[in-house]
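Undergrad: Pasting in a structure now, in structure tokens, and then I'll have a few things to ask.
The values are calculated or read from the model by the stated rules, or taken from the named source; none is laboratory data. Quick caveat, the model's predicted, so the values are computed rather than measured. When we count neighbours, we look across all protein chains shown, and the Cβ atoms used for this are built from the backbone with ideal geometry, even at glycine. Protein only, heavy atoms only, side chains kept; ligands, DNA and RNA dropped before computing areas. Shrake-Rupley method; radii C 1.70, N 1.55, O 1.52, S 1.80 Å.
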Amino acid sequence: MGRTARSVLITLACLLPVLTMGACDRAAQPVDAALVANPDEWPSWGRTGHEAHYSPVDEIDTNNVGELKLAWHYDLEPGYSASTPLMAEGKVFITTGHSHIRAFDAASGKELWDYDGGTRTRAKSALQMNWGNKGIAYDKGRVFLVTTDGYVIALDAKTGHEIWKTYDFPDDAPRNANGAPRAFGGKVIVGYGGADISPARGFVTAYDAATGKRAWRFYTTPGDEVTSVNQKAEEVMRKTWPSGWKNPDGSRRGGGGSAWNAFSYDPELELAYLGIGNGFPYNQDLRSPGGGDNLFLASIVAVDINTGAYKWHYQVCPAEQWDCTATTDMTLATLEMDGKERKVLMQAPKNGFFYVLDRATGEFISAEKIAKVTWAERIDSKTGRPIENPGIRYQGKPGLFEMWPGPTGAHSWMPQAYSPQTGLVYVPTMEMPALIGEGQEGGGEIAAGMGVTLIPEVELPGGHKSYLKAWNPATQSEAWKVELPGTWPGGVMTTAGGLVFQGQIDGKFVARDAKTGKKLWSFKTESPIVGAPISYRVNGRQYITVITGSGGQGAGMQTLGNQAYRTDYRLPRRVLTFALDGTDIIPPFEMPERAPPADPDYQPDAARAQAGFMLFATRSCLVCHGWNAVGGGAAPDLRYSPTITDAATFRTIVKEGGLKMNGMPPFPQFTDKKLEDLRFYLRTRAQQAPAEHKAYMERLQEAKASNAKPQDFAGKWNIVIQSPMGPQKAVMDLKVDGNIVTGKVTADQGSVDLAGGVANGRAKLEGKAATPMPITIKYDVTVRDGKLTGENLNGPFGTFPISGTRHGT
């Protein structure tokens with residue numbers, strides 16, 4: 001299309017009643033009518049099927065956003081609130097906790113009705129009770145939810161009464177559903193999660209929005225059941241599993257491919273797009289010994305919205321074995337590229353690349369790195385397949401491999417946003433590595449049978465950072481980026497007022513200039529924000545709504561990097577709504593200083609703490625309560641809980657389900673001894689919490705100058721490492737030659753040879769240890785007043801304070 005014709009097209013578009021963008025004539029990219037339809041409302045997770053998280057309303061803009069004030073708020077009870085609200089019919093609808101739905105008057109905040117999905121009463125497993133729903137859907141007077149234990153429900157939007165209810169799970173395989181359902185083309189599209197712990201066959205289901213009758217079910221991995229509508233998809237999948245998916249006894253060996261979060265819709269093409277997850281086991285040699293790409297794992301799949309019939313696919317990680325998924329937003333847009341307009345699908349999946357595909361055909365257009373990537377060199381421009389780096393296929397190789405991004409991805413489920421005004425996609429990104437290797441006896445498997453040792457929280461240079469990146473998909477280049485606090489960035493929304501809104505882990509809600517990233521406004525929310533905001537208009541007045549509260553990390557990851565910020569479970573969780581002439585206020589709130597509970601009977605016992613640590617790491621505890629028991633806000637930080645000092649109370653909660661209605665599942669399988677070992681580990685972590693936090697905060701500050709000379713480090717030192725298993729005593733014996741330092745650390749568990757050097761008054765040393773798996777041990781220490789102080793980085797398990805005195809003193 002020529003420049004003159006395109007200018008005429010844009011001018012005509014600006015005359016359409018649905019377009020209220022004051023800067024329409026300056027749009028950087030063509031504006032799809034479906035993207036800006038029904039501008040006053042926000043009826044879906046991404047507002048429309050384009051999943052752009054873009055509002056066409058522009059009353060609030062770069063010139064007046066500084067005048068934005070709180071219009072109304074609503075106080076929520078403790079519980080999961082990392083979710084995105086909806087707005088339709090003049091009402092704001094939210095979901096929190098385990099499918100607790102509320103409706104408010106969108107202008108005043110008056111509560112109109114509420115509905116409890118009943119998950120906490122029915123749930124039969126911890127998987128069905130961890131986390132909560134991230135969103136709901138709306139269509140033609142009905143609000144749709146899917147409970148974590150698999151019920152799909154339609155509610156009357158006016159009253160909250162049930163219209164229909166059905167059950168989505170076909171068998172007892174471990175599953176949960178916590179992504180937002182979508183209501184597209186008269187269908188309610190539902191997915192689920194569970195591919196991290198089971199080889200069960202993945203699927204996506206569509207229900208008739210009016211009746212609740214199942215319209216179609218699309219399977220994402222091959223299996224015995226083949227319906228006529230799934231026949232073509234089955235043919236495509238089966239040849240990519242050359243050795244099949246069954247064990248000799250007929251049981252399922254490999255599967256997964258759960259699609260729990262990402263769905264988009266093109267009403268003109270009548271295509272629904274499904275974002276498919278990882279396989280199980282992770283280790284492909286166990287899942288599919290004969291190799292193959294293993295479709296549709298880690299793939300984007302287009303299906304007919306009416307029948308569920310397969311149309312095309314694109315796989316972001318062929319033969320995936322790194323928890324690589326395509327379950328992040330798939331944003332639809334029309335881009336002018338090389339002088340032509342292309343209807344595209346854009347995704348920044350977990351693997352660190354930003355992809356642009358033709359959404360009609362699935363043709364690969366382009367992909368470039370949006371973060372640090374070590375698993376692949378690039379994506380081949382002709383084939384669309386990754387050029388993998390040597391070593392990333394870990395089978396049969398000793399040790400662990402450094403992998404960027406790690407399993408939380410360079411971009412996780414938190415929504416990205418796209419503005420046709422700027423032509424930019426705004427992606428909340430992370431720099432978060434992991435260590436990965438073949439499964440080893442005695443350590444590393446977060447879930448039994450994964451066949452891989454995966455350490456998701458690793459402290460490596462350049463890691464534990466997060467950004468908001470503005471990405472130009474037409475040129476595959478970064479327009480601007482802003483470093484964010486912590487490592488878990490909030491979801492994003494952009495508006496026709498030239499603004500980008502995002503919540504932060506430090507308890508601030510921020511508006512930025514969409515063109516430059518400059519911060520124009522912020523509001524102290526008292527609590528972190530992870531869920532994405534929305535914008536809507538009532539009686540000509542524009543509102544911005546967001547829900548506060550941390551959570552959604554999954555598998556206990558992304559907690560260590562947020563320790564500088566209060567993410568407590570008890571922080572106030574609220575619905576906050578803003579407008580230019582808002583007059584509401586929230587009361588000031590101060591969290592008391594945290595202190596571990598008094599525990600005068602505690603006596604260190606490293607062996608017992610180690611036993612409790614293994615239980616905490618492998619029995620689902622870390623999933624909600626954080627890596628190394630460092631809470632991230634999804635559930636209480638148990639290091640500061642008084643329940644760990646009383647055996648009877650601890651038993652009532654953990655084993656007997658005393659707090660099930662609060663979202664804490666029972667674990668009746670714990671023996672009394674294991675229960676006490678677990679409690680002892682948490683008591684140990686409580687003892688270490690103050691010193692560990694102090695060291696962490698000091699590490700964030702600029703290192704203090706030290707005048708220690710190399711020879712000051714020579715000799716033997718009695719050292720104590722404040723590890724998660726309690727104080728660990730050892731002897732460090734160092735030799736110095738110029739600035740070069742060598743030596744050995746010897747403890748009851750074994751010894752580690754060290755080598756390094758001295759610079760700026762600090763000795764930095766490292767060595768290799770073999771237990772419980774091959775890991776790197778690092779020391780960063782200095783000498784002040786005859787005492788050794790610093791940090792020990794114990795492989796992937798964290799950084800801990802170290803102190804020492806001269807041997808014999």
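Undergrad: Got a sec? Which of Thr559, Thr494 is among the hydroxyl-bearing types (Ser, Thr, Tyr) and either under 30 Å from Pro420 (Cβ atoms) or at pLDDT 90 or above (or both)?
TA: Working: Thr559 fails: either under 30 Å from Pro420 (Cβ atoms) or at pLDDT 90 or above (or both).
After applying the criteria, what remains is Thr494.
Undergrad: Collect the residues in segment 347-366 that are open to solvent by 10 Å² or more (accessible area, probe 1.4 Å), part of a strand (DSSP E or B) and not polar (S, T, N, Q), keeping them in residue-number order.
TA: Once the filter is applied, which keeps residues that are open to solvent by 10 Å² or more (accessible area, probe 1.4 Å), part of a strand (DSSP E or B) and not polar (S, T, N, Q), segment 347-366 yields Asp358, Phe364, Ile365.
Undergrad: Looking at (1) at positive phi; (2) buried (at least 23 other Cβ atoms within 10 Å of the Cβ), find the lone condition where Gly79 falls short.
TA: Answer for Gly79: the failing condition is (2).
Undergrad: Then there's this: Scan Ala195, Ala200, Ala123, Ala173 and give me the residue that is out of contact with any strand residue (DSSP E or B) (no Cβ under 8 Å at 6 or more places or on another chain), more than 19 Å from Tyr80 (Cα to Cα) and among the small types (Gly, Ala, Ser). Steps first, please.
TA: Numbers: Ala195 fails: out of contact with any strand residue (DSSP E or B) (no Cβ under 8 Å at 6 or more places or on another chain); Ala200 fails: out of contact with any strand residue (DSSP E or B) (no Cβ under 8 Å at 6 or more places or on another chain); Ala123 fails: more than 19 Å from Tyr80 (Cα to Cα).
Just one listed residue meets the conditions, Ala173.
Undergrad: Out of the residues in segment 693-710 that are at pLDDT 70 or above and basic (Lys, Arg), which is nearest to Thr559 (Cα to Cα)? I'd like the intermediate steps shown before the answer.
TA: Of all residues in segment 693-710, those at pLDDT 70 or above come to 693-698, 707-710.
Subset that is basic (Lys, Arg): 694, 709.
Details: Lys694: 16, Lys709: 36 Å.
Filtering segment 693-710 for residues that are at pLDDT 70 or above and basic (Lys, Arg), the one nearest to Thr559 (Cα to Cα) comes out as Lys694.
Undergrad: Step by step: first the residues of segment 512-567, then only those that are under 25 Å from Gly135 (Cα atoms) and among the aromatic types (Phe, Trp, Tyr), then the one that is most open to solvent (accessible area, probe 1.4 Å). Which residue is that?
TA: Result: Phe523.
Undergrad: Right, another one. Can you work out which of the residues in segment 800-809 that are crowded, with 18+ Cβ neighbours inside 10 Å and touching an Asp or Glu at 6+ places or on another chain (Cβ under 9 Å) is modelled with the lowest pLDDT?
TA: My answer is Phe800.
Undergrad: So, one more: Check off (1) in contact (Cβ under 8 Å) with a residue 60 or more places away in the chain; (2) more than 29 Å from Ala769 (Cα to Cα); (3) open to solvent by 10 Å² or more (accessible area, probe 1.4 Å); (4) among the polar types (S, T, N, Q) for Thr325 and give me the number that stays unchecked.
TA: With respect to (1) in contact (Cβ under 8 Å) with a residue 60 or more places away in the chain; (2) more than 29 Å from Ala769 (Cα to Cα); (3) open to solvent by 10 Å² or more (accessible area, probe 1.4 Å); (4) among the polar types (S, T, N, Q), Thr325 is out only on (3).
Undergrad: For segment 284-291, does any single residue satisfy the condition of being buried (at least 24 other Cβ atoms within 10 Å of the Cβ) and under 23 Å from the mean Cα position of the chain (by Cα)?
TA: No; the residues of segment 284-291 include none that is buried (at least 24 other Cβ atoms within 10 Å of the Cβ) and under 23 Å from the mean Cα position of the chain (by Cα).
Undergrad: I'd like the full set of residues that are over 25 Å from Met337 (Cβ atoms), in a strand (DSSP E or B) and among the small types (Gly, Ala, Ser), limited to segment 460-480.
TA: Within segment 460-480, just Ser466 meets the criteria.
Undergrad: So, in segment 192-215, of the ones that are small (Gly, Ala, Ser) and not in a loop (DSSP other than H, G, I, E, B), which residue ends up nearest to Tyr282 (Cα to Cα)? Steps first, please.
TA: Our first condition is that a residue be small (Gly, Ala, Ser); within segment 192-215, this holds for 193-195, 198, 200, 202, 206, 209-210, 212, 215.
Subset that is not in a loop (DSSP other than H, G, I, E, B): 193, 206, 215.
Details: Gly193: 15, Ala206: 28, Ala215: 32 Å.
If we take residues in segment 192-215 being small (Gly, Ala, Ser) and not in a loop (DSSP other than H, G, I, E, B), then Gly193 is nearest to Tyr282 (Cα to Cα).
Undergrad: Out of all the residues in segment 584-620, which are assigned to a helix (DSSP H, G or I) and touching a residue at least 60 places away in the same chain (Cβ under 8 Å)?
TA: If we filter segment 584-620 for residues that are assigned to a helix (DSSP H, G or I), which is where we start, we get 606-618.
Of everything in segment 584-620, those that are assigned to a helix (DSSP H, G or I) and touching a residue at least 60 places away in the same chain (Cβ under 8 Å) turn out to be Ala606, Arg608, Ala609, Gln610, Ala611, Gly612, Phe613, Leu615, Phe616, Ala617, Thr618.
Undergrad: Just one of (1) under 22 Å from the mean Cα position of the chain (by Cα); (2) farther than 30 Å from Gly141 by Cα; (3) modelled with pLDDT of 95 or more; (4) not hydroxyl-bearing (Ser, Thr, Tyr) trips up Ala259, so point out which.
TA: Result: Ala259 fails condition (2) only.
Undergrad: Ala595 versus (1) among the small types (Gly, Ala, Ser); (2) surrounded by 20 or more Cβ atoms within 10 Å (Cβ to Cβ); (3) under 29 Å from the mean Cα position of the chain (by Cα): which is the lone unmet condition?
TA: (2)
Undergrad: How about segment 170-187: which of its residues are crowded, with 24+ Cβ neighbours inside 10 Å and either small (Gly, Ala, Ser) or assigned to a loop (DSSP other than H, G, I, E, B) (or both)?
TA: Arg175, Ala177, Asn178, Gly179, Ala180, Pro181, Ala183
Undergrad: What pairs can you find where one residue is in segment 778-796 and at pLDDT below 80, the other is not in a strand (DSSP E or B), and their Cβ atoms are less than 7 Å apart, with a gap of 6+ or different chains?
TA: Within 7 Å, the pairs are Pro796/Glu457; Pro796/Val458.
Undergrad: Mind checking which residues of segment 367-392 are more than 24 Å from the chain's Cα centre (by Cα) and not in a strand (DSSP E or B)?
TA: Asp380, Ser381, Lys382, Thr383, Gly384, Arg385, Asn389, Pro390, Gly391
Undergrad: How about segment 188-225: which of its residues are more than 20 Å from Asn306 (Cα to Cα), touching a helix residue (DSSP H, G or I) at 6+ places or on another chain (Cβ under 8 Å) and open to solvent by 10 Å² or more (accessible area, probe 1.4 Å)?
TA: Across segment 188-225, the qualifying residue is only Pro199.
Undergrad: Residue check: is Gly396 at positive phi, in a loop (DSSP other than H, G, I, E, B) and open to solvent by 50 Å² or more (accessible area, probe 1.4 Å)?
TA: On the way: at positive phi: yes; in a loop (DSSP other than H, G, I, E, B): yes; open to solvent by 50 Å² or more (accessible area, probe 1.4 Å): yes.
So Gly396 passes the test.
Undergrad: Just to be sure before I move on: is Lys694 open to solvent by 80 Å² or more (accessible area, probe 1.4 Å), farther than 30 Å from Thr487 by Cα and either over 30 Å from the mean Cα position of the chain (by Cα) or in contact (Cβ under 8 Å) with a residue 12 or more places away in the chain (or both) in the structure I sent?
TA: Details: open to solvent by 80 Å² or more (accessible area, probe 1.4 Å): yes; farther than 30 Å from Thr487 by Cα: no; either over 30 Å from the mean Cα position of the chain (by Cα) or in contact (Cβ under 8 Å) with a residue 12 or more places away in the chain (or both): yes.
No, not satisfied.
Undergrad: With respect to Arg608, determine if the residue is farther than 30 Å from Lys110 by Cα, surrounded by fewer than 16 Cβ atoms within 10 Å (Cβ to Cβ) and in contact with a helix residue (DSSP H, G or I) (Cβ under 6 Å, 6 or more places away or on another chain). Walk me through it before giving the result.
TA: On the way: farther than 30 Å from Lys110 by Cα: yes; surrounded by fewer than 16 Cβ atoms within 10 Å (Cβ to Cβ): no; in contact with a helix residue (DSSP H, G or I) (Cβ under 6 Å, 6 or more places away or on another chain): yes.
Considered against the rule, which asks whether it is farther than 30 Å from Lys110 by Cα, surrounded by fewer than 16 Cβ atoms within 10 Å (Cβ to Cβ) and in contact with a helix residue (DSSP H, G or I) (Cβ under 6 Å, 6 or more places away or on another chain), Arg608 comes out as no.
Undergrad: Sticking with this structure for a sec: Give me the residue from segment 745-777 that is among the small types (Gly, Ala, Ser), open to solvent by 50 Å² or more (accessible area, probe 1.4 Å) and at pLDDT below 85 and, out of that set, farthest from Ile721 (Cα to Cα). Spell out the reasoning first.
TA: Kept after step one, since they are among the small types (Gly, Ala, Ser), are these residues of segment 745-777: 747, 750-751, 755-757, 759, 761, 763, 767, 769-770.
When the remaining residues are screened for being open to solvent by 50 Å² or more (accessible area, probe 1.4 Å), the result is 751, 755, 759, 770.
Retained after the next criterion (residues that are at pLDDT below 85): 759, 770.
On the way: Ala759: 23, Ala770: 18 Å.
Only one residue tops the list, namely Ala759.
Undergrad: Here is a follow-up. Identify, please: which residue in segment 328-346 is part of a loop (DSSP other than H, G, I, E, B) and open to solvent by 10 Å² or more (accessible area, probe 1.4 Å) and is, among those, farthest from Pro281 (Cα to Cα)? First the steps, then the outcome.
TA: Filtering segment 328-346 for residues part of a loop (DSSP other than H, G, I, E, B) gives 328-330, 338-339.
If we keep only those that are open to solvent by 10 Å² or more (accessible area, probe 1.4 Å) too, we end up with 338-339.
Values: Asp338: 42, Gly339: 45 Å.
Ranking the candidates gives Gly339 first.
Undergrad: Can you name the residue in segment 367-391 that is acidic (Asp, Glu) and more than 12 Å from Gln476 (Cβ to Cβ) and, of all such residues, is most open to solvent (accessible area, probe 1.4 Å)? Steps first, please.
TA: Looking only at segment 367-391, we keep the residues that are acidic (Asp, Glu), and these are 368, 377, 380, 388.
From what is left, the residues that are more than 12 Å from Gln476 (Cβ to Cβ) are 377, 380, 388.
Values: Glu377: 100, Asp380: 35, Glu388: 64 Å².
Filtering segment 367-391 for residues that are acidic (Asp, Glu) and more than 12 Å from Gln476 (Cβ to Cβ), the one most open to solvent (accessible area, probe 1.4 Å) comes out as Glu377.
Undergrad: Name the residue, out of Glu483, Glu457, that is charged (D, E, K, R), in a loop (DSSP other than H, G, I, E, B) and more than 20 Å from Gly46 (Cβ to Cβ).
TA: On the way: Glu483 fails: in a loop (DSSP other than H, G, I, E, B).
Within the list Glu483, Glu457, the selection yields Glu457.
Undergrad: Take segment 569-583 and flag every residue that is in a loop (DSSP other than H, G, I, E, B) and within 22 Å of the chain's Cα centre (by Cα).
TA: We begin by selecting, within segment 569-583, every residue in a loop (DSSP other than H, G, I, E, B); these are 569-572, 580-583.
Those that are in a loop (DSSP other than H, G, I, E, B) and within 22 Å of the chain's Cα centre (by Cα): Tyr569, Arg570, Leu571, Pro572.
Undergrad: Among the numbered criteria (1) β-branched (Val, Ile, Thr); (2) within 18 Å of the chain's Cα centre (by Cα); (3) part of a strand (DSSP E or B), which one does Ile505 miss?
TA: With respect to (1) β-branched (Val, Ile, Thr); (2) within 18 Å of the chain's Cα centre (by Cα); (3) part of a strand (DSSP E or B), Ile505 is out only on (3).
Undergrad: Only one of these conditions is not met by Tyr115: (1) in contact with a helix residue (DSSP H, G or I) (Cβ under 8 Å, 6 or more places away or on another chain); (2) over 28 Å from Gln502 (Cβ atoms); (3) buried (at least 18 other Cβ atoms within 10 Å of the Cβ). Which number is it?
TA: (1)
Undergrad: Right, next: Which members of segment 638-690 meet the condition of being surrounded by fewer than 21 Cβ atoms within 10 Å (Cβ to Cβ), aromatic (Phe, Trp, Tyr) and under 21 Å from Arg570 (Cβ atoms)?
TA: Residue satisfying the conditions is Tyr640 alone.
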